[in-house]
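In what follows, a single structure is set out as structure tokens and then discussed.
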Amino acid sequence: MTADAESAARFGLSLPTGFGTDYAGVVDQIGDGVTGFAIGDRVFGGALSRAVADFVVVDAAGETAANEAYHTPDGVDDPTAATLLIAGRTASAAVAVVSPGPDDTVLIGGAGGGVGVFAVQLARITGARVIGTGSATSADSLRELGAEPVAYGDGLADRVRALAPGGVTAAIDLHGTETVHVARELGVPDARICTIATQVDGVPSASGANAAPGAVDELARLVAAGRLRVPIGARFPIEKIRDAAELQAGRHVQGKVVIDL
Ligand SMILES: NC(=O)c1ccc[n+]([C@@H]2O[C@H](COP(=O)([O-])OP(=O)(O)OC[C@H]3O[C@@H](n4cnc5c(N)ncnc54)[C@H](OP(=O)(O)O)[C@@H]3O)[C@@H](O)[C@H]2O)c1
């Protein structure tokens with residue numbers, strides 16, 4: 001099996017396959033027995049590895065992971081709606097694991113990425129103080145989201161100590177393991193650390209599948225209410241899909257990448 005085939009198999013796919021999972025658009029057809037949706041409704045959701053397409057077919061009952069549809073509320077545009085499902089739900093699950101509140105200072109690693117922009121704001125909504133790691137390039141955008149930026153890399157623990165002499169009480173590592181190790185060094189108990197990208201023994205990990213029921217509708221409501229903002233780092237026409245994938249793979253996107261069809 002090639003590396004590509006192995007990675008496809010991890011998601012239950014066989015090659016060749018489509019691309020992308022999040023989508024937003026308008027209902028074009030309805031299957032027999034479907035209730036709650038009508039032709040012309042604005043919808044968003046997930047269609048595992050087949051979302052970058054003119055049409056997707058999804059299970060309106062939403063019983064299969066990443067094969068689902070939600071109503072797009074008024075006030076949420078399609079490019080934003082198309083970012084909510086996977087990254088938003090993953091962030092929601094990760095924030096729920098560490099369950100922050102007004103007395104917490106949360107360190108978030110990789111805070112400016114697609115998942116990070118949701119995690120920062122969801123943690124801030126709970127009243128927590130958020131310190132987010134990023135490069136100097138991301139500092140302003142992290143501040144705009146409500147996080148205090150700190151540079152990742154050597155010396156991170158000292159920089160966080162200087163920013164938060166009272167200590168850090170929870171941490172979410174969205175990039176690798178650096179934030180986990182720094183959080184442990186700063187005395188954060190494993191139970192209040194969460195990873196999504198890399199497993200670390202003893203540290204809980206989260207994925208979108210663990211998110212609370214209703215998490216996706218709640219994200220959409222927060223956007224519609226102006227309490228959650230999704231920075232779109234880049235938009236590409238479908239013809240430039242390869243450029244989009246390469247940009248994302250470079251792991252320095254600020255916010256989400258959107259494909260226009
Ligand atoms: N995006 C999604 O929808 C999604 C959903 C579920 C899971 N995941 C997984 O979750 C992880 C995060 O994905 P993502 O899309 O949010 O972001 P990503 O593309 O993996 O990373 C982008 C962010 O990481 C920062 N970054 C780069 N090098 C770093 C380092 N050494 N330490 C800390 N941060 C660093 C970048 O900041 P600078 O630009 O400032 O360097 C940028 O803000 C990935 O493993 C991904 O596969 C992603």
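The values are calculated or read from the model by the stated rules, or taken from the named source; none is laboratory data. Quick caveat, the model's predicted, so the values are computed rather than measured. Virtual Cβ from ideal backbone geometry, glycine too; neighbours counted across all protein chains shown. Ligands, DNA and RNA are stripped out before the accessible areas are found, and what is left, the full protein with its side chains, is counted by its heavy atoms. Shrake-Rupley method; radii C 1.70, N 1.55, O 1.52, S 1.80 Å.
Remarks
- Checking the stated criteria, V95 turns out not to satisfy the condition of being buried (at least 19 other Cβ atoms within 10 Å of the Cβ), among the aliphatic types (A, V, I, L, M) and in a strand (DSSP E or B).
- Some residue of region 240-248 being assigned to a strand (DSSP E or B), surrounded by 15 or more Cβ atoms within 10 Å (Cβ to Cβ) and away from the ligand (no atom under 16 Å from the Cβ): no
- The one condition in (1) under 22 Å from H175 (Cα atoms); (2) open to solvent by 40 Å² or more (accessible area, probe 1.4 Å); (3) touching a strand residue (DSSP E or B) at 6+ places or on another chain (Cβ under 9 Å) that A3 fails to fulfil: (3)
- Positions within region 169-185 being within 11 Å of the ligand (Cβ to nearest atom) and of a type in the set (V, I, T), in sequence order: I172, T177, T179, V182
- Cross-chain or 6+ apart pairs with Cβ under 7 Å, region 206-217 first and β-branched (V, I, T), then surrounded by 11 or more Cβ atoms within 10 Å (Cβ to Cβ): V216/Y70; V216/L84; V216/L85; V216/G88; V216/R89
- F118 being hydrophobic (A, V, I, L, M, F, W, C) and more than 11 Å from the ligand (Cβ to nearest atom): no
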